[in-house]
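Remarks on the structure that follows.
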Amino acid sequence: MQSVTWKMGGEAGYGIMSSGTMLCRTFSRLGYHVLATNEYPSLIRGGHNLITVRIATQEFASLNKDVHILVALNKETVDLHKEELTKGAILLFDPKDHTWQATDFSKEMQLVAVPLADIVSEHKGDPVMRNTVALGATVALLGTDFSAIESVIRDQFKRKGQEVIDNNIAIAKAGYDHIKTNFTNQSSMFLSKGEKKEPFLVINGSEAVGVGAVRAGLKFAAIYPMTPINSVITFLADHAKELQLVYKQPEDEIAGINMAIGASIGGVRSMVATSGGGFALMVEGLSLAGILEVPLVIDLGMRPGPATGMPTWTGQGELQFAIHAGHGEFPRIILAPGDIQEAYSLTVDAFNLADRYQVPVFILTDKYLNESQWCAPKSHFQKDVATNRGKLVKEEELATDGSFGRYSLETDDGVSSRSLPGMKNGFYIANSYEHDEQGYTTELADLAAAMAQKRLSKLVAIQKVGGAPTVYGERDSEITFVAWGSTKGPILEAMKLLGSKGKKSKLIHFTWLFPFPTEEVTKLLSPVTRLVDVELNTTAQLAFLIREHTGISITEKILQCNGRMLYPEEIVERISKVT
Amino acid sequence: MPSITADSFKTSFLPTWCPGCGDFGIWMSLKNALANLGIGSDDGFLVYGIGCHGNMQDWMKIYGARGLHGRALPVAQGIKLANHKLPVICITGDGDCLGEGGNHLIHAAKRNPDITVIIHDNQVYGLTTGQASPTAQPGFKTKSTPTGATDTPINPLTLGLTAGATFIARGFAGDTPGLTDLMQRAISHKGFSVLDVLQPCVTFDKVHTYGWYRQRLYQLDKEGYVPDNKIKAFEKALEWGDKIPIGIFYKEDRPTSEEVEPALTGAPLKDLPLTVSNIDGLLSEFI
Ligand SMILES: Cc1ncc(C[n+]2csc(CCOP(=O)(O)OP(=O)(O)O)c2C)c(N)n1
Ligand code: SF4
């Protein structure tokens, strides 16, 4: 096989998510491309958890609908997912849960019974280790040497000691041997050789944001826990000591953004991360960052709202919220990564832009991007990172006559030089009231207008460096998709499917959303005859933005707001419908 | 180098407080305290709340931030973590830090950052022209409580004590020398200092005047009170009525929130390099 999709399902609390990650690592190390996405309800025990892993010899951008192996850790998993299985798929189950027969399925199925629970108890393991048996069995079903997963188990349980490592390896090996002994002719899912040459990382979106942040020199983060940004917290807290940074858990998101603003005034690169509800609490603080002109990075991980919504599912409902959030008018920058490499690179960019223009910069991520395990060349994350702290003055550059104006109106781009508290001769007040050049409160008409203009004029300067959308696919296409953020992967895969049906398509993908690149977009979209907007929200927020800035109205829309990422097949199907 | 005096903080703005406002006494005391401690315009950081008290910023030449109503403490903690060598003081009001920002006071106390918070306690919202504040005493008539306040007032001292503040004191805006001394001690204390200052609002409070306070106030230390016991501090902090104690109620040494941060053992965060030295090590967990 060139590509195999594997699912493991069962009750929450049975190590299903970590199994997916371990499988990804195993096959990434062997030179395959991998991607894992998880689905789970917002609770800790019980409920149905699912992880889907695609392993392929060639690069790919998203999952597709074919499922080749289903590992069922309970009966419910089969009931829920059996219709997704392709003809000839393998169902790996424990006969203790349920005895499945060929007649239970509408399609031809290969039933692979493995006594998961018995193997675990033979090795005196904890019942939750059934997933480990299944992992060993999976490696055998895919035709790979056991050694591949052995090293991953070693690394996974490194902190837990040799005994735990040995036990896990023994249990996985028993699963592996069970297949090798009892299913000797089972080679239908054997993978062809992986073709990746260089080392790849297996990393989720939030971790990529975290790596980007620390590579950019992040020194302070105040993040109140909320799905789907919790792994940013874990990453930063784990590395706080060695990277010499401070992660603080604030009492709420209001405190979080105000702490981050304080740290930024103090002179360090700082960030917050949250989801829609937490960001709603931060909005007044955002406006504060606006008038104080402090650099600030905000990772806004989207999930479906309103209110608590569906905490563990994905969506793209906060684009217009991020653009319009905050009372009063002030500039901001909004970026939205479409994949793991962009999550890293745009985070690095965000810190530089924040410093360069002294504005809040958003990274709009989402649950799908943040919690999926992606693979990407390690070299991408190792490249030298250029840091630009913008107009941050050095103490010795400050005039000794006390004339320094932190909010000087004499600028070519609206950005004034910034001193740091404690610098001799750099005195100013970061004042949330409208202020003069040193930060003293003012209500003078001309001065107030000039300050407002100064701040807003940054947008013009930012627009000059703003990124045009990226075009993927064929120049002369019948269909042009327009999208932003993480729907990129499924659309790229949908384009392949359309191509195989002889339909040419392309994607105009936005990672830079605000200030809106009006000129470039007008140029790109004007000549196109068939535009299709793809978004995970109900109101087509990007299409709205495009219309607002260019006058171009996109009438064909593929929208989804059920918390799920689109499958490429669904996009193709919905395209055909509108034809 | 010219020595630092109260005049060092002069700006070209004159106070806009009502003549006789208790904020004048707090302002004077603060300038004296800073000067006595050798903290000049470039050596400290003031974070102001929103309210009459926060207006002080315009006539106080020292690095500072005036953020949102109620949010002075989070900003202060951010600054302190970015530059833990910088003395940080919050100028806040009873509405600002017990009403809008009450949660932040509790959590700051729990963390124990080396920050001093000076609460201008006038029982009213001065800047919004005289509504009841969280410290308004029962029966106190204000614009928002025309028949008299009914709620149990928040006591900043007992609140600070339970939440974990390591220095708790109360001063009086009408006693500049005494207040200056308390401020110096609060600022010098390594840890979170809560200094509640009884501040007559001459415009919106005709009850709690300078005279009203003077009749009732007494100095804790003159009675031989030693501020080293939390239970005793509670008892004293609960005294209110004919006799009202001022002075230091409680003092304790506990590691500050900066001291427990492994990244803050040396130079301030702001001076650390931006680069990651061992990128390979950082990425190894993702292979
Ligand atoms: C979010 C928000 N809500 C309300 C206000 C209006 N406001 C300004 S000052 C203030 C109360 C100030 O009271 P206090 O903190 O006791 O200060 P004082 O004026 O008495 O010194 C209020 C409610 C505001 N600025 N921001
Ligand atoms: S209103 Fe009260 S608190 Fe405000 S300045 Fe006047 S006297 Fe002072």
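Quick look at the numbers
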item	result
Share of carbon and sulfur in the accessible heavy-atom surface of chain A [1.4 Å probe, %]	51 percent
Apportionment of accessible area to carbon and sulfur, chain B, percent (1.4 Å)	55 percent
With Cα atoms, 0 to 90° folded angle of helix B:22-37 axis to chain B main axis	40 degrees
Chain B: most fluctuating residue of B:270, B:141, B:31 per GNM, C-alpha cutoff 10 Å	B:270
Computed FRET value (nearest 0.05) for residue A:324 with residue B:275, which takes r as the C-beta separation and R₀ as 45 Å	0.80
Residue A:455 - accessible surface, heavy atoms, 1.4 Å probe, Å² rounded to 10	20 Å²
FRET efficiency for residue A:444 and residue A:102, using Cβ-Cβ distance with R0 set to 51 Å, rounded to 0.05	0.05
Inter-label distance for residue A:186 and residue A:391, nm, one decimal - labels placed 7 Å from Cα along Cα-to-Cβ	6.7 nm
Protein-only accessible surface order, largest first, of A:459, B:161 at 1.4 Å	A:459, B:161
Karplus-derived HN-Hα couplings along segment B:256-268 (A = 6.51, B = -1.76, C = 1.60, θ = phi - 60°), whole Hz, x at Gly and Pro	7, 5, 6, 5, 8, 7, x, 6, 9, 7, x, 5, x
Net charge dipole size for segment A:391-465 [Lys, Arg +1 and Asp, Glu -1 on Cβ; Debye, nearest 20]	380 debye
Beta bridges per DSSP with both ends in the protein assembly as shown, % antiparallel, nearest 5	30 percent
Relative contact order of chain B, pairs being alpha-carbon contacts under 8 Å that are 6 or more residues apart, as %	18 percent
Modelled FRET efficiency - R0 22 Å, residue A:128 with residue B:284, Cβ distances, 0.05 increments	0.25
Rounded accessible area of residue B:221 (nearest 10 Å², 1.4 Å probe)	110 Å²
Difference of contour (0.36 nm per residue) and Cα-Cα distance, residue A:75 to residue A:528	158.1 nm
Relative contact order [Cα under 8 Å, 6+ residues apart], segment A:470-578, whole percent	30 percent
Shielding by other protein chains, A:414-423, mean Cβ within 10 Å	4
Charge dipole magnitude, Cβ of K and R +1, D and E -1 - the protein assembly as shown, Cα centre, debye nearest 20	640 debye
Angle in degrees between helix B:176-188 and the longest Cα principal axis of chain B, rounded to the nearest 10	20 degrees
Residue (of A:425, A:452, A:440) at the positive-pole extreme of segment A:391-465, dipole from beta-carbon charges	A:452
Within segment B:25-166, percent of DSSP bridges classed antiparallel, to nearest 5	15 percent
Shielding by other protein chains, B:260-266, mean Cβ within 10 Å	4
Segment B:236-281: chymotrypsin sites (Phe, Trp or Tyr not before Pro) falling in loop per DSSP and having at most 16 other Cβ within 10 Å	B:240
Other protein chain Cβ atoms within 10 Å, averaged over every residue that makes up A:247-256	5
Amide proton proximity set for residue B:229, modelled H, under 5 Å, gap of 5+	B:251
nm² value of the averaged projected area, convex hull over the Cα atoms of segment A:470-578	6.2 nm²
Label-to-label distance, nm, for residues given as residue A:12 and residue A:470 (7 Å Cα→Cβ offset)	3.4 nm
Accessible surface of residue B:228 - all protein chains present, 1.4 Å probe, nearest 10 Å²	110 Å²
Segment A:109-117 - phi-based ³J(HN,Hα) in whole Hz, Karplus 6.51/-1.76/1.60, Gly and Pro as x	9, 9, 8, 10, 8, 10, x, 4, 5
Total charge dipole magnitude, segment B:216-270, about the Cα centre, Cβ charges on Lys, Arg, Asp, Glu only, Debye to nearest 20	180 debye
Chain A: radius of gyration over Cα atoms, expressed as a fraction of 2.2 N^0.38 Å	1.05
Built amide H within the under 5 Å cut-off of residue B:70, gap 5+	B:50
Length-normalised contact order of segment A:202-381 in % [C-alpha pairs under 8 Å, at least 6 apart]	30 percent
Extreme residue, positive dipole direction of segment A:485-568, given options A:549, A:502, A:565 (C-beta unit charges)	A:502
Heavy-atom accessible area order for B:18, A:375, largest first, 1.4 Å probe	B:18, A:375
Residue A:248 long-range amide H proximity, modeled H, under 5 Å	A:221, A:222, A:223
Highest-MSF residue in chain B out of B:156, B:74, B:268 [GNM, Cα springs under 10 Å]	B:268
Spin-label model distance (nm) - residue A:58 vs residue A:238, 7 Å beyond Cα toward Cβ	3.4 nm
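The values are calculated or read from the model by the stated rules, or taken from the named source; none is laboratory data. All values reported here derive from a predicted model rather than from experimental measurement. So basically every Cβ, Gly included, is an ideal-geometry build from the backbone, and we count neighbours across all protein chains shown. Ligands, DNA and RNA are stripped out before the accessible areas are found, and what is left, the full protein with its side chains, is counted by its heavy atoms. Shrake-Rupley method; radii C 1.70, N 1.55, O 1.52, S 1.80 Å.
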